[in-house]
Structure formats: structure tokens, C-alpha cells
């Protein structure tokens, strides 16, 4: 018996990364996962993965573009039509990630793209599920921010702005929807092993090698979405977290607490490694 047995959870961004790991864990804990993303084929792979592992939960793939309100409406409508209720909304997806810039090269269109693909769609879905959860007298909303939303991160101007907005939105939801029995909390994602090798944080930025990130980590380890990130997300969606509201959790092994001196040492080593 899992801690999410019988619960219905919409997970946005379930086709890869943190969202995929979250969806796997939710299904393992017995939830009916309404998995949303643009790439339907990846969601079908998630469903097959869950079935292959013999988890007690299920996956219902729903193709959804977070930039289209009609898709967001359909996502909620499908969940209610199929299961009759919604217990958890996890907004993990973030758009425009491949269009990062420093401050000087950030324009309005870029900023708006990050906002619509982050805090704006999260706001819209939150408003959409509020009446459903209020009628139940209970519900969990989980938002996804980033360390870039609370501290300086190079070449991520619009991303950092959008993630800071999500943190603010989380606290507003927690305060204004708490009276309906709705709890809202935010997480700053676990750092995935493959992110820093592939991410393009800027046009001429090669990214940060995994070896450097491991050095910056107090525990000397890079996290994985399923193994290290998803247990907290499952707990936040469960009844065990009913007294937790308006909180922001960093799931990063302590990298966010690394001292500036350590960061500078790591960056110097990175430059030397690239030469």
C-alpha cells in the first residue's frame, strides 16, 4: 500500500527529467497519474515504464502545450471526466529553457516566453482546479522553481525572474486557498546528472561539467530525479504533509548552500579544465 493510493494527480512536464521521475514515484505509490506534456510519444513510454515495473498506480497520457489555454482546460477536464476528482496538481514543466541569455541580451519577448511557460500557466491551472479541490475540501498544489529564483545564476535572466515569480505565487496560493483545504508548496529541483553536460545556459557557454558540480556538492554527489527528488514530491502530495503550507524546499544535496569561495574555486577549476 502506497502513501498515494487512489489519489488522482495531474503532473505537468511528465515526459522527462524531474517530471518523469515524479510520475514514476506517484504511480509506484498507487496514484492515478494524469501525465501531461507536448510529446505524447514520451508519455506513452512513461506509461509503458510504469506498467513494466508492475506499479499499482496508472498513467493516463494527455498531450498538452502549456502555452495554450485550450490544452490546459482540456487537461483538467480529462482528469475530472476520467476519475471524478483531482487530489494533486504538480506544475513541473518550464518553457523556453533553450533560450537563455544574460541581462544585456534579454528582451521583452524572451522574458514573456519564460513567464508564460512557468508562473502564468501555473496560475491558470491553479485557478482551474481550485473549485474542484474546494468542493472536496482538500487538495495539494506543488510548484517548481529553481535556485536561480533565489540567487544569482549566470546567463539565466528571464528564467530566474520567472522562477522567483513562482515562489511568490506559491505563497499567495498557500495563504488565499488554505481556507479551502488546499495546501501549496514549492520545490527547487534535484540536480540531474545529465543537465549540466547538455544545457546551453548561453550562446557561448559550454555548461558546467558534472565533475565541477560534484566538487561543489557538500556530499560529493549529483542527484537523480527519481531516486533523490521524487520521494519529497510524493510526500508533499500525500496526507502526511497536510500541515505543510507555503514552504519552499531545495532538493539539491546542499549545493545551494555552497559558500561563494567554494563556487569561485569550482569555476576556476572549470576554466582550467576547458583550456
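The values are calculated or read from the model by the stated rules, or taken from the named source; none is laboratory data. From a predicted model like this one, the values you see are computed outputs, not experimental measurements. Neighbour counts run over all protein chains shown; Cβ positions are idealised from the backbone, glycine included.
Within the stretch 69-93, track down each residue that is out of contact with any helix residue (DSSP H, G or I) (no Cβ under 8 Å at 6 or more places or on another chain) and over 13 Å from residue 36 (Cα atoms).
Of everything in the stretch 69-93, those that are out of contact with any helix residue (DSSP H, G or I) (no Cβ under 8 Å at 6 or more places or on another chain) and over 13 Å from residue 36 (Cα atoms) turn out to be 70, 81, 82, 83, 84.
Looking only at the stretch 169-180, how many residues end up being closer than 22 Å to residue 112 by Cβ and free of Cβ contacts under 8 Å to residues at least 24 places away in the same chain? So the answer is 1. With respect to the conditions (1) in a helix (DSSP H, G or I); (2) in contact (Cβ under 8 Å) with a residue 60 or more places away in the chain, residue 85 falls short on a single one, namely (1).
Mind checking which helices (runs of 4 or more DSSP H) fall wholly inside the stretch 169-249 and carry at least 3 residues that are at pLDDT below 95?
Numbers: elements: 195-198, 210-216, 230-237.
Output list reads 195-198, 210-216.
Screening residue 1 on (1) at pLDDT 95 or above; (2) over 17 Å from residue 92 (Cβ atoms); (3) in a loop (DSSP other than H, G, I, E, B) shows it passes everything except condition (1).
Scanning the stretch 109-160 for residues that are more than 24 Å from residue 239 (Cα to Cα) and either touching a residue at least 60 places away in the same chain (Cβ under 8 Å) or outside any helix (DSSP H, G or I) (or both) returns 121, 146, 147, 150, 151, 152, 153, 154, 155, 156, 158, 159.
From the list 9, 36, 14, the lone residue that is closer than 17 Å to residue 86 by Cβ, assigned to a loop (DSSP other than H, G, I, E, B), touching a residue at least 40 places away in the same chain (Cβ under 8 Å) and touching a strand residue (DSSP E or B) at 6+ places or on another chain (Cβ under 6 Å) is 14.
In the stretch 89-104, the count of residues that are farther than 30 Å from residue 164 by Cβ, touching a strand residue (DSSP E or B) at 6+ places or on another chain (Cβ under 8 Å) and either free of Cβ contacts under 8 Å to residues at least 40 places away in the same chain or surrounded by 17 or more Cβ atoms within 10 Å (Cβ to Cβ) (or both) is zero. For residue 7, are the conditions met, namely being out of contact with any helix residue (DSSP H, G or I) (no Cβ under 8 Å at 6 or more places or on another chain), surrounded by 16 or more Cβ atoms within 10 Å (Cβ to Cβ), under 22 Å from residue 231 (Cβ atoms) and modelled with pLDDT of 95 or more? For residue 7, the condition - out of contact with any helix residue (DSSP H, G or I) (no Cβ under 8 Å at 6 or more places or on another chain), surrounded by 16 or more Cβ atoms within 10 Å (Cβ to Cβ), under 22 Å from residue 231 (Cβ atoms) and modelled with pLDDT of 95 or more - is not met.
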